[in-house]
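Following: one structure in structure tokens, then a few remarks.
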Amino acid sequence: MNFRDLEYLVALEELKHFRKAADKCFVSQPTLSGQIKKLEEELNVQLMERSSRKVIFTPAGIDIVAKAKTILLEAKSLKEIAKSHNEPMSGTLHIGLIPTIAPYLLPLIIPAMKEAFPDLQLYLHENQTQVLIKQLEEGELDCLILALLPGMEQFKKLDLYEEPLELALSDKHAWAEQRKINLQELSGEHVLMLADGHCLRDQALGFCFAAGAIEDNSFKATSLETLRHMISAENGLTLLPQLAIPLSRYQSGVKYIPFKAPAPSRKVTLLSRNNSARQVCFDQLASLIHAAVQARLDEYL
């Protein structure tokens, strides 16, 4: 038994398909099938039921896969410990980001990160919060950059910045010339939102419902850019995070109006596993990101 065999097993349990698991592990299907069979013989237990249509893991197989994931994560941690002591800002780093942060944050920080940490090879993964959390737990990602939500207490967190939300509306809207607006003025207004699965949707809904606003269920966007285009076509109101809006607060027929204090906002955080050996790396990344973003947010004042 070796680590590679455990990787084959975990991939097969995840994909439930021998060819897909083999592709993920960059081996041929016969190689993967043969190693899984040898693993069953070595452990003297049937790990799965095989058929031409699907793979079903036995109770023993499910338990062994769970332990295999732990072993592989600990093995990766050993390598991280050695690397973190020798060269904390080198090697590969897999960072997960949510879609309402990635397109607006990355242009601000990537040039600075490449200049400050030239030996650090970045792999960036964009996905929704729950998917990223699972990937972090299973060791597929090293850290996440996302909006802090309840239920993330099991992770190590480094606060990066507090990002205000602003009201986006058509330049033909009656409020378009206001310099600031009170959140309570949204009472009774219909507000466009992102689709389910985006954490910004839940946060914006919380602020809007507290103000007495009503969700416009006629359309749910899959991205902030779709929301922006809907607003420019005079299709209502929405809330957007500040980094997603132009410094002039006006572009392509859309006006952006900051809220009067207390303004709605979200806290953006770097999350990592509590036992990660790369804390020195995360600390330096967090410091760089905080400085770069704060400089941009100050320009909106």
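Taking every residue in region 123-138 that is closer than 14 Å to Ser272 by Cβ and pairing it with any residue that is polar (S, T, N, Q), at least 6 positions away or on another chain, the pairs with Cβ-Cβ distances below 9 Å are Gln135/Asn127; Leu136/Ser272; Glu137/Gln154.
Within this structure, Ala112 passes the test of being open to solvent by less than 40 Å² (accessible area, probe 1.4 Å) and among the small types (Gly, Ala, Ser). Applying the condition of being out of contact with any helix residue (DSSP H, G or I) (no Cβ under 6 Å at 6 or more places or on another chain) and among the basic types (Lys, Arg) to region 255-295 and asking which residue is farthest from Pro111 (Cα to Cα) yields Lys260. Is it the case, given these coordinates, that Gln35 is in contact (Cβ under 8 Å) with a residue 12 or more places away in the chain and open to solvent by 40 Å² or more (accessible area, probe 1.4 Å)? Criteria met by Gln35.
Residues in region 227-254 that are farther than 23 Å from Leu108 by Cβ and open to solvent by less than 40 Å² (accessible area, probe 1.4 Å) were compared, and the one that is farthest from the chain's Cα centre (by Cα) is Gly253. Could you check Ala147 against (1) free of Cβ contacts under 8 Å to residues at least 60 places away in the same chain; (2) open to solvent by less than 60 Å² (accessible area, probe 1.4 Å); (3) touching a strand residue (DSSP E or B) at 6+ places or on another chain (Cβ under 9 Å) and say which number it fails? It is condition (1) that Ala147 fails. A single entry from Ala221, Ala204 fulfils the requirement of being under 28 Å from Pro150 (Cβ atoms), among the aliphatic types (A, V, I, L, M) and out of contact with any helix residue (DSSP H, G or I) (no Cβ under 8 Å at 6 or more places or on another chain): Ala204.
Evaluated against (1) open to solvent by less than 20 Å² (accessible area, probe 1.4 Å); (2) in a helix (DSSP H, G or I); (3) farther than 17 Å from Ala102 by Cα, Leu285 falls short on exactly one condition, (3).
Tyr161 satisfies every condition listed in (1) touching a helix residue (DSSP H, G or I) at 6+ places or on another chain (Cβ under 9 Å); (2) at pLDDT below 95; (3) farther than 30 Å from Glu74 by Cα except (2). Select, from Lys267, Lys220, the only residue that is at pLDDT below 95 and assigned to a strand (DSSP E or B). Only one candidate qualifies: Lys220.
Evaluate region 5-26: report whether one residue or more is open to solvent by 50 Å² or more (accessible area, probe 1.4 Å), touching a strand residue (DSSP E or B) at 6+ places or on another chain (Cβ under 9 Å), hydrophobic (A, V, I, L, M, F, W, C) and under 30 Å from Arg273 (Cα atoms). It would help to see each step written out before you state the result.
So in region 5-26, the residues open to solvent by 50 Å² or more (accessible area, probe 1.4 Å) come out as 7, 14-17, 19-20, 23-24, 26.
Applying the additional criterion that residues be touching a strand residue (DSSP E or B) at 6+ places or on another chain (Cβ under 9 Å) yields 15-17.
Those still in the list that are hydrophobic (A, V, I, L, M, F, W, C) too: 15.
From the residues that got through so far, the ones that are under 30 Å from Arg273 (Cα atoms) too are 15.
Within region 5-26, one or more residues are open to solvent by 50 Å² or more (accessible area, probe 1.4 Å), touching a strand residue (DSSP E or B) at 6+ places or on another chain (Cβ under 9 Å), hydrophobic (A, V, I, L, M, F, W, C) and under 30 Å from Arg273 (Cα atoms).
The values are calculated or read from the model by the stated rules, or taken from the named source; none is laboratory data. None of these values were measured; they are calculated from a predicted model. Please note: Cβ atoms are built from the backbone with ideal geometry, for glycine as well, and neighbour counts cover all protein chains shown. Only protein heavy atoms, including side chains, enter the accessible area calculation; ligands, DNA and RNA are left aside. Shrake-Rupley method; radii C 1.70, N 1.55, O 1.52, S 1.80 Å.
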